[in-house]
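> Please read through the structure below; I'll follow up with questions.
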Amino acid sequence: MATCLVLADVHANLSALQAVLQDAAYRSAISALLFLGDVVGYGAEPNECIERLRDYPSVAVAGNHDLGAVGRADLALFNADASVACGWTAARLSSTSASFLCTLPLSIEQPPFLLVHGSPANPTWEYVVSASRAHALQSVCRQPHCLVGHTHVPAAFNMESGRSVAAAVGDSLCLRHGRFLMNSGSVGQPRDGDCRAAYALLETDDLVLQWFRVSYDVDAAAAAIVRAGLPLSLAARLRVGY
Ligand code: ZN
């Protein structure tokens, strides 16, 4: 049975990414990554995180921060801290990292999934936070299911019924009955009050998605942000998971 590791919003947090890769490998043999955008931005280790992602066969889309770091999105669209971090990242990307970010598409169809950072209607910028919005999006979703990131909150919505589905730690969802829009949560900057790194595993034969969290060295990630001279609030928020 093939298992894909579903990741979003790494945000240049190498400690969190390494913890997720180790935890996922402990649970299952990972055949590929499905990456939902924002490998860089906010955190202090952009090149290292891109290199780790590139170690695996992957299907990957760009997030707004990935675009901002290589001039594919206007920095005026970002809040103050995010904009500072984008500029910081742009100045430090290796040429290999920059070309990786430049080639990421905004959406990919990997049947039966549409992969986007934001939403099927606005692949880069829309935050899907409600079941009613997921329901409205089913008409523009070109595949039965959609995998998203961007909100940094694990979630699952049944697009047909317009209902939320449980997406807490250990919850699993069989995708055979219904059309689902799912968010694996954020690896490197969770925003649901739980500072542990979030990810999901997809069993591609059975079509089952399961959500996980793993503790990581938050102090190391925060210290790297402080050392880099990035805004201190970006270090502080990692400790509270927001
Ligand atoms: Zn993000």
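The values are calculated or read from the model by the stated rules, or taken from the named source; none is laboratory data. The structure displayed is predicted, hence computed values, not measured ones. Cβ: placed from backbone, ideal geometry, glycine included. Neighbour counts: every protein chain shown.
Each row is one residue, and each column tells you yes or no for (1) touching a Leu at 6+ places or on another chain (Cβ under 8 Å); (2) of a type in the set (Ser, Thr, Tyr); (3) surrounded by fewer than 18 Cβ atoms within 10 Å (Cβ to Cβ); (4) closer than 18 Å to Ala167 by Cβ.
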{"site": "Cys102", "(1), (2), (3), (4)": "no, no, yes, no"}
{"site": "Pro105", "(1), (2), (3), (4)": "no, no, yes, no"}
{"site": "Gly118", "(1), (2), (3), (4)": "no, no, no, yes"}
{"site": "Ala121", "(1), (2), (3), (4)": "yes, no, yes, no"}
{"site": "Glu126", "(1), (2), (3), (4)": "no, no, no, no"}
{"site": "Ser130", "(1), (2), (3), (4)": "no, yes, yes, yes"}
{"site": "Ala136", "(1), (2), (3), (4)": "no, no, yes, no"}
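> Got a number for residues in the stretch 1-24 being in a helix (DSSP H, G or I), small (Gly, Ala, Ser) and under 14 Å from the mean Cα position of the chain (by Cα)? Please lay out each step first, then the result.
Just the residues of the stretch 1-24 that are in a helix (DSSP H, G or I), to begin with: 14-24.
Next, only the ones that are small (Gly, Ala, Ser) stay: 15-16, 19, 24.
Retained after the next criterion (residues that are under 14 Å from the mean Cα position of the chain (by Cα)): 16.
Residues that pass the stated criteria total 1.
> Would you pick out the residues in the stretch 56-82 that are more than 18 Å from the chain's Cα centre (by Cα), part of a helix (DSSP H, G or I) and closer than 15 Å to Trp125 by Cα?
Of everything in the stretch 56-82, those that are more than 18 Å from the chain's Cα centre (by Cα), part of a helix (DSSP H, G or I) and closer than 15 Å to Trp125 by Cα turn out to be Leu75, Ala76, Leu77.
> Give the residues of the stretch 10-24 that are small (Gly, Ala, Ser) and away from the ligand (no atom under 16 Å from the Cβ), sorted by residue number. Outline the logic, then answer.
Kept after step one, since they are small (Gly, Ala, Ser), are these residues of the stretch 10-24: 12, 15-16, 19, 24.
Those that are small (Gly, Ala, Ser) and away from the ligand (no atom under 16 Å from the Cβ): Ser15, Ala19, Ala24.
> Here are the criteria: (1) surrounded by fewer than 22 Cβ atoms within 10 Å (Cβ to Cβ); (2) modelled with pLDDT of 95 or more; (3) closer than 17 Å to Ala131 by Cβ. Tell me which single one Ser215 does not satisfy.
So Ser215 meets the others, but not (3).
> Moving on. With Ser233, Ser164 as the choices, which residue is at pLDDT 95 or above, part of a strand (DSSP E or B), over 19 Å from the mean Cα position of the chain (by Cα) and not β-branched (Val, Ile, Thr)? Write out each step before concluding.
Working: Ser233 fails: part of a strand (DSSP E or B).
None of the other options fit; the residue is Ser164.
> Follow-up. Kindly provide the set of residues from the stretch 218-240 that are surrounded by 13 or more Cβ atoms within 10 Å (Cβ to Cβ) and among the basic types (Lys, Arg), ordered by number. Even if it seems obvious, please write down each step before you answer.
Filtering the stretch 218-240 down to residues surrounded by 13 or more Cβ atoms within 10 Å (Cβ to Cβ) leaves 218, 220-226, 228, 230-231, 234-238.
Once the filter is applied, which keeps residues that are surrounded by 13 or more Cβ atoms within 10 Å (Cβ to Cβ) and among the basic types (Lys, Arg), the stretch 218-240 yields only Arg237.
> From the list Ala131, Ala82, pick out the single residue that is touching a residue at least 24 places away in the same chain (Cβ under 8 Å), within 16 Å of the ligand (Cβ to nearest atom) and of a type in the set (Gly, Ala, Ser). Break it down stepwise before answering.
On the way: Ala131 fails: within 16 Å of the ligand (Cβ to nearest atom).
Exactly one residue qualifies, and that residue is Ala82.
> Here's another thing I want to ask about it. Quick one: would you say Ala60 is closer than 23 Å to Ser119 by Cβ and within 16 Å of the ligand (Cβ to nearest atom)?
It is true that Ala60 is closer than 23 Å to Ser119 by Cβ and within 16 Å of the ligand (Cβ to nearest atom).
> Here is a further query. Just one of Leu114, Leu7, Leu67 is more than 16 Å from the ligand (Cβ to nearest atom) and buried (at least 20 other Cβ atoms within 10 Å of the Cβ); which is it?
None of the other options fit; the residue is Leu114.
> Do we find a residue being within 16 Å of the ligand (Cβ to nearest atom), hydrophobic (A, V, I, L, M, F, W, C) and part of a helix (DSSP H, G or I) anywhere in the stretch 25-42?
no
> If I ask for residues that are more than 17 Å from Tyr127 (Cβ to Cβ) and within 16 Å of the ligand (Cβ to nearest atom), which ones from the stretch 160-193 would you list?
Val187, Gly188
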